[in-house]
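Please read the structure below before turning to the comments.
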Amino acid sequence: MAVVLLIKISDGTIIDVPMFGSTVVIGRSSKADIKIDDKLISSRHCSIELKSGNQLIFRDLASTNGSFLNNSRIQEVRMKIGDRVQIGDNFIYIDESKLNVKEKDHFSGKRANFQEQIEMTGISQKNISEILKKESAGKPTGGIPKILPKKKAAPVNQEEQEPKDNNRLFGLFKKLLGKK
């Protein structure tokens with residue numbers, strides 16, 4: 001599905017703006033992609049860009065009267081469900097009804113779980129297993145190596161163990177994606 005923005009104009013009119021990976025400029029000028037006739041809006045007031053990875057970025061383009069997110073002045077922000085960006089007497093927000101479940105989770109600011117992160121990379125479980133086996137070649141592991149040791153010599157503080165585990169997972173992701 002496409003991400004759709006709603007712009008509620010001060011007279012009550014609502015404009016649907018489907019975002020298809022491009023940048024949309026909003027302003028008072030006829031050269032703006034979306035022209036809004038409001039004296040409080042600059043000729044090129046703001047831009048909204050749908051970046052790869054489904055990040056919706058709002059930018060104020062050095063407007064005279066500013067842009068506000070939930071009543072706080074902003075220059076640039078990644079928009080989420082529930083955010084109301086105000087320009088002049090008009091409001092911009094994400095149309096939640098047009099999003100699928102994954103998009104709703106994404107734009108709500110929730111982080112994807114480990115399995116969803118793997119799915120987003122397009123790497124299969126088989127590839128992960130092969131890399132782990134190569135990584136532990138020559139070491140008797142009895143299969144895929146475990147992140148945590150089987151036996152603990154002394155109690156381990158969980159807070160100290162997690163960063164090591166996360167670093168190993170991060171390193172694995174970098175290898176799978178071919179990054180150094």
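The values are calculated or read from the model by the stated rules, or taken from the named source; none is laboratory data. All figures in this text were calculated on a predicted structure; none of them were measured in a lab. Every residue, glycine among them, receives a Cβ derived from its backbone with ideal geometry; neighbour counts consider all protein chains shown. Note: areas computed on protein heavy atoms with side chains; ligands, DNA, RNA excluded. Shrake-Rupley method; radii C 1.70, N 1.55, O 1.52, S 1.80 Å.
I'm told Asn100 meets every condition in (1) free of Cβ contacts under 8 Å to residues at least 24 places away in the same chain; (2) open to solvent by 40 Å² or more (accessible area, probe 1.4 Å) except one. Can you identify the failing condition by its number?
It fails just one condition, (1).
For the list (1) assigned to a strand (DSSP E or B); (2) modelled with pLDDT under 90, I need the number of the one condition that Gly53 fails.
Only one criterion is unmet by Gly53, namely (1).
Just checking, does segment 66-78 include any residue being free of Cβ contacts under 8 Å to residues at least 12 places away in the same chain and open to solvent by 30 Å² or more (accessible area, probe 1.4 Å)?
Yes; the residues of segment 66-78 include at least one that is free of Cβ contacts under 8 Å to residues at least 12 places away in the same chain and open to solvent by 30 Å² or more (accessible area, probe 1.4 Å).
If you check Ser52 against the conditions, is it at negative phi, surrounded by 11 or more Cβ atoms within 10 Å (Cβ to Cβ), of a type in the set (S, T, N, Q) and in contact (Cβ under 8 Å) with a residue 12 or more places away in the chain?
no
Residue-wise test of (1) of a type in the set (Lys, Arg); (2) open to solvent by 20 Å² or more (accessible area, probe 1.4 Å); (3) in a strand (DSSP E or B).
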{"residue": "Gly21", "(1), (2), (3)": "no, yes, no"}
{"residue": "Asp37", "(1), (2), (3)": "no, yes, no"}
{"residue": "Leu40", "(1), (2), (3)": "no, yes, no"}
{"residue": "Ser47", "(1), (2), (3)": "no, no, yes"}
{"residue": "Ile57", "(1), (2), (3)": "no, no, yes"}
{"residue": "Asp83", "(1), (2), (3)": "no, no, no"}
